[in-house]
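Chemist: After the structure tokens below, expect a handful of questions from me.
The values are calculated or read from the model by the stated rules, or taken from the named source; none is laboratory data. This one's a predicted model, so the numbers in the text were calculated from it and none came from an experiment. Positions of Cβ are generated from backbone atoms using ideal geometry, with glycine treated the same way; all protein chains shown enter the neighbour counts. All accessible areas refer to the heavy atoms of the entire protein, side chains included, with ligands and DNA or RNA removed. Shrake-Rupley method; radii C 1.70, N 1.55, O 1.52, S 1.80 Å.
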Amino acid sequence: MKADAKIYVAGHRGLVGSALMRTLRDKGYMNFVTRTHAELDLTSQTAVEAFFAAEEPDYVFLAAARVGGIHANNVYPAEFIRDNLAIQTNVIHAAWKNGVKRLMFLGSSCIYPKLAPQPMKEEYLLTGPLEPTNRPYALAKIAGIEMCWSYNRQYGTKFIAVMPTNLYGPGDNYHPENSHVIPALIRKFHEARVNNRPAVTVWGTGTPRREFLYSDDMADACVFLMRLPDAQYDTLLGSDEQATGVFMPPLVNIGVGTDLTIKELAESVRRAVDYDGEIVFDPDKPDGTPRKLMDVSRLNRLGWVAETGMAAGLAQAYRDFLEHHCS
Ligand SMILES: NC(=O)c1ccc[n+]([C@@H]2O[C@H](COP(=O)([O-])OP(=O)(O)OC[C@H]3O[C@@H](n4cnc5c(N)ncnc54)[C@H](OP(=O)(O)O)[C@@H]3O)[C@@H](O)[C@H]2O)c1
């Protein structure tokens, strides 16, 4: 990916998109094409085709999607499957039609079976039933992976999919109901501290284990993969299953490779926010999947390892929250 390459970051204002813009700029890239949701609705095939024909980007990071926590997935399942299928179908197809050199499609670890062996390897895809809470979203993402693979097989495109673990960092969504666990906890502990509340209630039993990756590390891994020399990058385009019988989608997990309990996470956020009240668990609320840890050995073998520890990442995320979400 040469320094003057024309790069389209779809969803450039989101958690991942904004981290990608920061990382690409830090690495000297300047030739960007971006559009806000209001400027270009990616669920509109006509608008997407016209955009690609006009701009002709060389590289695409598809970080636009309808994203949300357990509550949002439960309440808006139709929107989650329709919007994500439409966004990825329009962008991947237009990228092929307009000769994009490389495209990266972003999915999520919920694509793996609910009771997959841990840690989860890329080849565990489609080996068992999904977590029902976010199955519509997960199936859309699985369709996106298969679409990259099918276009690579039929048209010789160089499209890959990356599956990040749970992400957090600057530009996160702090909506009280629709946010993921870390922004939700940061908001809860902050509000408890400034209002001198004696305790904070955390959803579930506190026992599920989760893995979290700082958004800028995530972006660094994405740029690392897109800049790989052909000899390495082409090994990620998916196996020739008919010829070899090997099932290996064009898929790379991105994560830290270690996890912690929600209880340990809550205690880490309490420290980051400097709250000294009590933590209470509400077992009536859903725990979700018992454990979700990514196997990141494929990415590590390519030479990339996560750098930002939980304490440093949470401190940065809390600074961002204070700066952008506190009146
Ligand atoms: N956050 C995580 O923990 C996590 C974990 C694993 C994977 N991922 C993946 O990473 C990708 C990005 O997620 P994120 O956390 O960065 O989400 P995000 O912060 O919600 O960003 C998504 C971006 O997509 C844009 N967008 C949504 N619908 C659009 C449409 N119809 N047309 C144009 N733009 C649209 C949004 O713009 P508006 O805000 O203006 O609507 C927003 O800027 C997703 O594919 C997600 O699956 C995220």
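Chemist: State all residues of the stretch 146-190 that are modelled with pLDDT under 95, among the acidic types (Asp, Glu) and either part of a helix (DSSP H, G or I) or within 11 Å of the ligand (Cβ to nearest atom) (or both); if no residue qualifies, say none.
Modeler: 172
Chemist: Scan the stretch 283-301 residue by residue and report those that are surrounded by fewer than 16 Cβ atoms within 10 Å (Cβ to Cβ) and modelled with pLDDT of 95 or more.
Modeler: Of the stretch 283-301, the ones surrounded by fewer than 16 Cβ atoms within 10 Å (Cβ to Cβ) are 283-287, 290, 297, 300-301.
Correct list: 297, 300, 301.
Chemist: What are the residues in the stretch 1-16 that are within 13 Å of the ligand (Cβ to nearest atom) and surrounded by fewer than 23 Cβ atoms within 10 Å (Cβ to Cβ), if any? Even if it seems obvious, please write down each step before you answer.
Modeler: Taking the stretch 1-16 as the starting set, the residues that turn out to be within 13 Å of the ligand (Cβ to nearest atom) are 8-16.
Residues satisfying the conditions are 12, 13, 14, 15.
Chemist: Looking at 19, 54, which is the one that is at pLDDT 95 or above and over 28 Å from residue 179 (Cα atoms)?
Modeler: Working: 19 fails: over 28 Å from residue 179 (Cα atoms).
Just one listed residue meets the conditions, 54.
Chemist: What do you reckon, is residue 73 assigned to a helix (DSSP H, G or I), near the ligand (Cβ under 10 Å from one of its atoms) and open to solvent by less than 60 Å² (accessible area, probe 1.4 Å)? Talk me through it step by step, then tell me what you get.
Modeler: Working: assigned to a helix (DSSP H, G or I): yes; near the ligand (Cβ under 10 Å from one of its atoms): no; open to solvent by less than 60 Å² (accessible area, probe 1.4 Å): yes.
It is false that residue 73 is assigned to a helix (DSSP H, G or I), near the ligand (Cβ under 10 Å from one of its atoms) and open to solvent by less than 60 Å² (accessible area, probe 1.4 Å).
Chemist: Can you spot a residue in the stretch 131-143 that is in a loop (DSSP other than H, G, I, E, B) and either modelled with pLDDT under 95 or among the aliphatic types (A, V, I, L, M) (or both)? Break it down into steps so the answer makes sense when it comes.
Modeler: Going residue by residue through the stretch 131-143, those that are in a loop (DSSP other than H, G, I, E, B) are 131.
So of that shortlist, the ones also either modelled with pLDDT under 95 or among the aliphatic types (A, V, I, L, M) (or both) come out as 131.
Checking the stretch 131-143: at least one residue is in a loop (DSSP other than H, G, I, E, B) and either modelled with pLDDT under 95 or among the aliphatic types (A, V, I, L, M) (or both).
Chemist: Please state which of the following conditions residue 251 fails to meet, knowing it meets all the rest: (1) touching an Asp or Glu at 6+ places or on another chain (Cβ under 6 Å); (2) of a type in the set (A, V, I, L, M, F, W, C); (3) open to solvent by 60 Å² or more (accessible area, probe 1.4 Å).
Modeler: Evaluating residue 251 over (1) touching an Asp or Glu at 6+ places or on another chain (Cβ under 6 Å); (2) of a type in the set (A, V, I, L, M, F, W, C); (3) open to solvent by 60 Å² or more (accessible area, probe 1.4 Å) leaves (3) as the failure.
Chemist: Give the stretch 38-81 a look and list any residue that's of a type in the set (Val, Ile, Thr) and more than 21 Å from the chain's Cα centre (by Cα), or say none. Walk me through it before giving the result.
Modeler: Let us first name the residues in the stretch 38-81 that are of a type in the set (Val, Ile, Thr), namely 43, 46, 48, 60, 67, 70, 75, 81.
Answer for the stretch 38-81, where residues must be of a type in the set (Val, Ile, Thr) and more than 21 Å from the chain's Cα centre (by Cα): 46, 48.
Chemist: When the stretch 253-292 is examined, which residues are found to be among the polar types (S, T, N, Q) and under 15 Å from residue 203 (Cβ atoms)? Before the answer, list the steps.
Modeler: Applying the first criterion (among the polar types (S, T, N, Q)) to the stretch 253-292 yields 253, 258, 261, 268, 289.
The answer is 261, 289.
Chemist: Mind listing just one residue for me: the one in the stretch 295-304 that is among the hydrophobic types (A, V, I, L, M, F, W, C) and over 21 Å from residue 265 (Cβ atoms) and, of those, farthest from the chain's Cα centre (by Cα)?
Modeler: Residues of the stretch 295-304 that are among the hydrophobic types (A, V, I, L, M, F, W, C), as a first pass: 296, 299, 302, 304.
Next, from what is left, pick out any that are over 21 Å from residue 265 (Cβ atoms): 299, 302, 304.
On the way: 299: 15, 302: 20, 304: 17 Å.
Here the answer is 302.
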